[in-house]
Amino acid sequence: MSEVSYDALRAQAAKRDSEDELSAKRAEFELDDTVYLDGNSLGALPTVVQERVADVISRQWGQLRIRSWEESGWWTAPERIGDRIAPLVGAAPGQIVVGDSTSVNVFKALVAAVRMARDSGEGRDEIVVDATTFPTDGYIAQSAARMTGCTLVPVAPGEVHGVLGPRTAVVLLNHADYRTGRLHDLPALTAAVHDAGALVVWDLCHTAGALPVGLDEHGVDLAVGCTYKYLNGGPGSPAYLYVRADLQARFDSPLPGWNSHAEPFGMRPEFEAADGAVRGRVGTPDILSMLALDAALDVWDGVSIEAVRAKSLALTDFFVECVAAYVPEGRVEVITPAAHEQRGSQVALRCEDAGDVMRRLVEHGVVGDFRAPDVLRFGFTPLYVGFADVERAAGVLARTLGETGTGTGIAG
Ligand SMILES: *Cc1c(COP(=O)(O)O)cnc(C)c1O
């Protein structure tokens, strides 16, 4: 590799950073000179969160105490913050509630979907699930199937079409594969599931805040997602549940708590579901985490998700280009699809000694993550990652790969 190519790519990075309409956003985050490419696992801290959480603790809790349930808007925070996430995933207001973890919301969505699929009285008894899914989704789907008397049908996302039929109750899919970064065709798969008379639940953990989702536009039934990845809500920040407006009256939650009751303070022994997305609530919301998320969402003010997507694709393209220029041929294999319509906001590289390589990368100030057994994962968060970061990460990767392994290629 000649110095010329380094210079050319560095110059290109500088030019692109100077033309980047989102570049000013980086100043709204707490960052240092580490190249942080792990925002698809834990988003960086938006500076505004610190002050706002301090106020929630010292004033709202410390001084107002129980009055804050009303005066500080704590009680309605789940639906209010859901409405702030809504435009990022293409949903009109009133369809998203924030609360619980993604795992718990997958459970609510799946069981409620099976119940709705059976409203019509047909014998729908199969739950189709992406066989390559993030493990928790698969575990929950398995349990939901047992509880509802359904059979679990695990399939590769590309084979979903072949298993849909009159027995399908619900299909649980990931919008992007957490390991490879492959983006699945949400509009086409949603339409295919609907043609089979079934419902679809989309897991948006790896796309919300990274690219346009278009939940309403594509007629998605139910969706879930976490808020600590591209939405920067903080460790363990609550997840969200989307229930399309026209399905809400039929949404029969398997976890009907007092927060989803029509009259929560009526303290009545019989359950009567509230109207609207509130049905997706269960118990007392996790206020500290929820309000940290609320503050973190301020960074999206004035940001278009289309601009985020355009920059995300440019960043991932540029990373692949730099890796191809700097890393010896055959040392890593890009397993993220090259086609834009099949790519989320990360690049995954397969490499025999990936665990060792990632440890060294982190030591050298480039933070991505390792997914067993052999995947290096790099997440690109357009609000705070720039092109110079990308070039630097690829350069450090090339040097690190030179220090480790046999150099005989990934198949060696
Ligand atoms: C991150 C992620 C989760 C996380 O679930 P938790 O309940 O928040 O731990 C679930 N599903 C997918 C696809 C994820 O990427």
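Say whether the condition of being acidic (Asp, Glu), under 29 Å from residue 163 (Cα atoms) and modelled with pLDDT of 95 or more is met by at least one residue in segment 117-127.
For segment 117-127, residues acidic (Asp, Glu), under 29 Å from residue 163 (Cα atoms) and modelled with pLDDT of 95 or more: present.
Does segment 320-333 contain at least one residue that is closer than 13 Å to residue 181 by Cβ and touching a helix residue (DSSP H, G or I) at 6+ places or on another chain (Cβ under 8 Å)? Looking for residues that are closer than 13 Å to residue 181 by Cβ and touching a helix residue (DSSP H, G or I) at 6+ places or on another chain (Cβ under 8 Å), one finds none in segment 320-333, hence no. Scanning segment 295-311 for residues that are closer than 20 Å to residue 45 by Cβ and surrounded by 17 or more Cβ atoms within 10 Å (Cβ to Cβ) turns up 295, 296, 297, 299, 300, 308.
Looking at segment 122-143, can you tell me whether even one residue there is within 16 Å of residue 280 (Cβ to Cβ) and over 18 Å from the mean Cα position of the chain (by Cα)? Scanning segment 122-143 turns up no residue that is within 16 Å of residue 280 (Cβ to Cβ) and over 18 Å from the mean Cα position of the chain (by Cα). Inspect segment 65-86 for any residue being among the β-branched types (Val, Ile, Thr), under 26 Å from residue 309 (Cα atoms), within 13 Å of the ligand (Cβ to nearest atom) and not in a strand (DSSP E or B) and give the result as yes or no. Looking for residues that are among the β-branched types (Val, Ile, Thr), under 26 Å from residue 309 (Cα atoms), within 13 Å of the ligand (Cβ to nearest atom) and not in a strand (DSSP E or B), one finds none in segment 65-86, hence no. Taking (1) more than 16 Å from the ligand (Cβ to nearest atom); (2) in a loop (DSSP other than H, G, I, E, B) in turn, residue 259 satisfies each apart from (2). Taking the numbered list (1) under 22 Å from residue 311 (Cα atoms); (2) modelled with pLDDT of 95 or more; (3) assigned to a helix (DSSP H, G or I); (4) not β-branched (Val, Ile, Thr) in turn, residue 6 passes all entries but (2).
Condition test on residue 172, is it of a type in the set (A, V, I, L, M), buried (at least 19 other Cβ atoms within 10 Å of the Cβ) and outside any loop (DSSP other than H, G, I, E, B)? Criteria met by residue 172.
Can you name every residue in segment 129-154 that is within 16 Å of the ligand (Cβ to nearest atom) and among the β-branched types (Val, Ile, Thr)? Selection gives 129, 132, 133, 136, 140. The residues of segment 155-169 that are more than 15 Å from the ligand (Cβ to nearest atom) and outside any loop (DSSP other than H, G, I, E, B), listed by number, are 155, 158, 159, 160, 161, 162, 163, 168, 169.
For segment 263-282, state whether one or more residues are closer than 28 Å to residue 304 by Cβ, in the same structural domain as residue 213 (by TED's automatic domain parsing) and either within 23 Å of the chain's Cα centre (by Cα) or within 16 Å of the ligand (Cβ to nearest atom) (or both).
There is at least one residue in segment 263-282 that is closer than 28 Å to residue 304 by Cβ, in the same structural domain as residue 213 (by TED's automatic domain parsing) and either within 23 Å of the chain's Cα centre (by Cα) or within 16 Å of the ligand (Cβ to nearest atom) (or both).
Considering only residues that are of a type in the set (A, V, I, L, M, F, W, C) and surrounded by 24 or more Cβ atoms within 10 Å (Cβ to Cβ), look in segment 89-106 and name the one that is nearest to the ligand (Cβ to nearest atom).
Within segment 89-106, the match that is nearest to the ligand (Cβ to nearest atom) is 106.
Among the residues of segment 296-334, write down those that are of a type in the set (Val, Ile, Thr), part of a loop (DSSP other than H, G, I, E, B) and within 19 Å of the chain's Cα centre (by Cα).
Matches in segment 296-334: 303 only.
Considering segment 176-255, the qualifying strands (runs of 3 or more DSSP E), each wholly inside and each with 1 or more residues that are hydroxyl-bearing (Ser, Thr, Tyr), more than 14 Å from the ligand (Cβ to nearest atom) and buried (at least 16 other Cβ atoms within 10 Å of the Cβ), run over 240-243. The residues of segment 22-36 that are touching a helix residue (DSSP H, G or I) at 6+ places or on another chain (Cβ under 6 Å) and not in a helix (DSSP H, G or I), listed by number, are 22, 35.
The values are calculated or read from the model by the stated rules, or taken from the named source; none is laboratory data. Since we're looking at a predicted model, the values are computed, not measured. Because the Cβ atoms are built from the backbone with ideal geometry, glycine has one as well, and the counts that use them run over all protein chains shown.
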